[in-house]
């Protein structure tokens, strides 16, 4: 999670201590409710299943697959929909009546499900998408490789203390097997800044340097990743 630390304070704090401060802040912000229960989440997920499928593997590419998604990411998105930090005509009203415990339970249930692989529909884009995902793109519009955050098989990343030495950190969702159309649509939303709930504007900054062709290609490649 991103922690707002003043620029002057950052200059005064040794780099080695920054993660200690971040860990202390995270501990102080821990919620008081119980951890999520997958069985309870399944019982509460009937409305979710209409779009996302009984096990979180949606059949229509307009709705994301949420099976096997990082529970931290699912929690963040539901809280963001509820608080208005992320807007969607379907999800925003769906999230409103959810309690904190409901969100914990739903996240636990869908995170425990096995994601299925999606099919690439435009195979001619796979080579370009693979290159972007694994190596990124150079000047003039530099795009970092997706693999650095989302992993070789698109499993995402939650433990940033292994690779990051300074705040802010970011939470990279699982992408492997996601519908290509959905991934491309979210990249476009980040580029247009109609979606603005990414920590530290990481995805908005990256998407701003991607062409429409880049987005379509990397989305097709992501759909082929099995996790």
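The values are calculated or read from the model by the stated rules, or taken from the named source; none is laboratory data. Everything numeric in this text was worked out from a predicted model, so none of it was measured. For neighbour counting, all protein chains shown are included, and Cβ atoms are generated from backbone atoms with ideal geometry for every residue, glycine included.
Looking only at region 130-144, which residues are surrounded by 15 or more Cβ atoms within 10 Å (Cβ to Cβ) and outside any helix (DSSP H, G or I)? Steps first, answer last, please.
Pass one, region 130-144, residues surrounded by 15 or more Cβ atoms within 10 Å (Cβ to Cβ): 130-133, 136-137, 143-144.
Once the filter is applied, which keeps residues that are surrounded by 15 or more Cβ atoms within 10 Å (Cβ to Cβ) and outside any helix (DSSP H, G or I), region 130-144 yields 136, 137, 143, 144.
Do the conditions hold for residue 134, that is, is it without any contact (Cβ under 8 Å) to a residue 24 or more places away in the chain and either assigned by TED's automatic domain parsing to the domain that holds residue 62 or out of contact with any strand residue (DSSP E or B) (no Cβ under 7 Å at 6 or more places or on another chain) (or both)?
Numbers: without any contact (Cβ under 8 Å) to a residue 24 or more places away in the chain: yes; either assigned by TED's automatic domain parsing to the domain that holds residue 62 or out of contact with any strand residue (DSSP E or B) (no Cβ under 7 Å at 6 or more places or on another chain) (or both): yes.
Yes: the conditions hold for residue 134.
Residues 42, 82, 65: which one is at pLDDT 95 or above and assigned to a loop (DSSP other than H, G, I, E, B)? Write out each step before concluding.
Details: 42 fails: assigned to a loop (DSSP other than H, G, I, E, B); 82 fails: assigned to a loop (DSSP other than H, G, I, E, B).
On inspection, the qualifying residue turns out to be 65.
Exactly one of these conditions fails for residue 73: (1) in a helix (DSSP H, G or I); (2) touching a helix residue (DSSP H, G or I) at 6+ places or on another chain (Cβ under 7 Å); (3) surrounded by fewer than 20 Cβ atoms within 10 Å (Cβ to Cβ). Give me its number.
For residue 73, the failing item is (2).
Within region 44-58, work out how many residues are free of Cβ contacts under 8 Å to residues at least 40 places away in the same chain and either under 9 Å from residue 105 (Cα atoms) or surrounded by 11 or more Cβ atoms within 10 Å (Cβ to Cβ) (or both). If you could, list the steps in order and put the result at the bottom.
At the first step, the residues of region 44-58 found to be free of Cβ contacts under 8 Å to residues at least 40 places away in the same chain are 46, 49-51, 53-54.
This time we only want the ones that are either under 9 Å from residue 105 (Cα atoms) or surrounded by 11 or more Cβ atoms within 10 Å (Cβ to Cβ) (or both), so: 49-51, 53-54.
Summing the residues that are free of Cβ contacts under 8 Å to residues at least 40 places away in the same chain and either under 9 Å from residue 105 (Cα atoms) or surrounded by 11 or more Cβ atoms within 10 Å (Cβ to Cβ) (or both) in region 44-58 gives 5.
Of 83, 95, 108, 127, which residue is under 25 Å from residue 37 (Cβ atoms) and loosely packed, with under 15 Cβ neighbours inside 10 Å? Working first, answer last.
Details: 95 fails: loosely packed, with under 15 Cβ neighbours inside 10 Å; 108 fails: loosely packed, with under 15 Cβ neighbours inside 10 Å; 127 fails: under 25 Å from residue 37 (Cβ atoms).
Criteria check complete, one pass: 83.
Just to be sure I understand, how many residues within region 108-125 are farther than 23 Å from residue 67 by Cβ and assigned to a helix (DSSP H, G or I)?
Residues that pass the stated criteria total 3.
How about region 191-213: which of its residues are closer than 14 Å to residue 144 by Cβ, part of a helix (DSSP H, G or I) and touching a helix residue (DSSP H, G or I) at 6+ places or on another chain (Cβ under 6 Å)?
203, 204, 207
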